[in-house]
Amino acid sequence: MDRRAPGSAHPAVRAGPGTGRLVNRTARHAVRALSLAAALGLWQLLTAQDVNLWLRFEQFPTVTEVARAFGERVGGATYWQDLTDSVTRIVTGFLLAAVAGVAVGTAVARSRVAEDVIGPLLEVLRPIPAIALVPVAILLFPSNEQGIVFITFTAAFFPVTVSTRHAVRALAPVWEEAVRTMGGGRGRVLWSVVLPGALPGVLGGLSVGIGVSWICVISAEMISGEYGVGYRTWQDYTVVDYPGVFVGMVTIGVLGWLTSTAVEVAGRRVTRWLPRGTGRTTARATRPGREPADRPATAATATATATNTATATGERHP
């Protein structure tokens, strides 16, 4: 005899946690798309109606005019040549700045000699805007291409250096002491403790640096460039081609967004061991006294490891 209540012949299927995350992600993407569409709609309304209420929109091109100009540019070879030149300059200068900034920031944070020799020079040069170095680049380098790469390098170098310096100095000393107690040398400490521990701060500097690099490379192209998105945007302005100017602005914004996203995605991949804060309690709690297998040892774990090692080698602690 079936004792189930009427209507319960088919048990309810509960949605898993993955379904909720998918719905939440879809809703967030929808909100972002709607905000962008609303901004474009407001732009089209203000420019199509020639609104002149303190802010004058009668000279602004409409969204449809910019879209038409964008389609014409994309169909030509000049647009892609300018885009390639700008991206090449950004990638070259940014990669050089990332390597040099991490090296200099680490040295200044861990060496008193480096701090005394390099530190004052950094503090004097850091407040100078990179775009103000355009005359210096013109005097130093034989070609405008090298000068623009130098400007891009300078723009990203200081944010990366400062972020690395602060991140290295903020590391807990107990981590380094634990590695040294277990026989690790300076190289081991650097590669196993300092650089991994400072990586989140370094990535923050890289995110800031890539944005500043785009600002400066576009400005440098406008002043002394021969090709590039910035150069083409300025040329459009000189011939009063306002739809072309906005095509350049949109291109710059999209390129900046793509490169910033690339840096962020790369940072997430190399810091998978970091706990991700989601603003809510995790469903699976960690057992007391145990560290998750995919999470690095904390300061307490490092201290316990060092103590056990010292005990095994015969050392006594009070």
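By how many nm would the segment from Arg186 to Arg32 grow when fully extended, if each residue of separation counts as 0.36 nm and the alpha-carbon distance is taken off?
Details: separation 154, 0.36 × 154 = 55.44 nm, distance 4.74 nm.
Net length gain for the segment: 50.7 nm.
In whole angstrom, how far apart do the alpha carbon centroids of the range 22-51 and the range 146-172 sit?
The range 22-51 and the range 146-172 have Cα centres spaced 35 Å from each other.
By the scheme Lys and Arg +1, Asp and Glu -1, what is the net charge of all other residues having a beta-carbon under 12 Å from that of Gln235? The partial results should precede the final answer.
Working: positive: Arg232; negative: Asp82, Glu221, Glu226, Asp236, Asp241.
Summing Lys/Arg as +1 and Asp/Glu as -1 gives -4.
Compute the Rg to Rh ratio over the range 69-269 from the alpha carbon atoms, using the Kirkwood formula for Rh, and round to two decimal places. Could the numbers behind the result be given before it?
Working: Rg = 19.8 Å, Rh = 18.4 Å.
Checking Rg against Rh, the ratio lands at 1.08.
By count of other Cβ within 10 Å, fewest leading, how are His166, His29 ordered? Can you show the working numbers first?
Details: His166 15, His29 10.
Ranking His166, His29 by Cβ neighbours within 10 Å, fewest first, gives His29, His166.
Order 246-259, 128-141 from most to least packed using the mean count of other Cβ atoms within 10 Å. Please report the intermediate quantities before stating the final value.
On the way: 246-259: 17.2, 128-141: 14.9.
Averaged packing, sorted descending, gives the order 246-259, 128-141.
Each reported figure results from applying straightforward, stated rules to the coordinates on display, with no laboratory input. This is a predicted model, so every value here is computed, not measured. Note: ideal-geometry Cβ built from the backbone for every residue, glycine included; neighbour counts use all protein chains shown.
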